[in-house]
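Presented below is the structure to which this report refers.
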Amino acid sequence: MKKGMVVYITAGKEEAPTPESCEQLQIPQLQDVSALCVATSEDEVAYGWWQMITRGMHQVLFMTAAYDPVVERFEPHGNPVRLWG
């Protein structure tokens, strides 16, 4: 089963990395996730969700996080919630 995750950045939006460089960053909840979308606005969350579904993801997860540019990692806020599947 293919899983995707949309991560909404609530703090540190200005310093957040591009989606291409997010593959190198560590988010503990990324186990078994095939695709990652980093969103800095509510519109980007909706677009990322739609994009995951059209790519054939069987499950799409959502979580909020703050980005800390000093240590170059996301600090998750809470647990992921299921948007689809």
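The values are calculated or read from the model by the stated rules, or taken from the named source; none is laboratory data. Keep in mind that what you see is a predicted model, and the values were worked out from it rather than measured. Heads up, the Cβs are rebuilt from the backbone with ideal geometry, glycines too, and the neighbour counts pull from every protein chain shown.
Residues in the stretch 1-43 that are of a type in the set (D, E, K, R) and within 19 Å of ARG82 (Cβ to Cβ) were compared, and the one that is modelled with the lowest pLDDT is ASP32.
The residue pairs whose first member lies in the stretch 1-23 and is at negative phi, whose second member is among the aliphatic types (A, V, I, L, M) and modelled with pLDDT under 70, and whose beta carbons are closer than 6 Å, counting only pairs six or more residues apart or on different chains, are ILE9/ALA16. How do the strands (runs of 3 or more DSSP E) wholly within the stretch 29-85 filter down when requiring 3 or more residues that are farther than 14 Å from LYS3 by Cβ and touching a residue at least 24 places away in the same chain (Cβ under 8 Å): which remain? The strands (runs of 3 or more DSSP E) meeting that bar are 59-68, 73-84. Of the residues making up the stretch 45-69, those that are surrounded by fewer than 16 Cβ atoms within 10 Å (Cβ to Cβ) and either of a type in the set (Asp, Glu) or modelled with pLDDT under 85 (or both) number 2.
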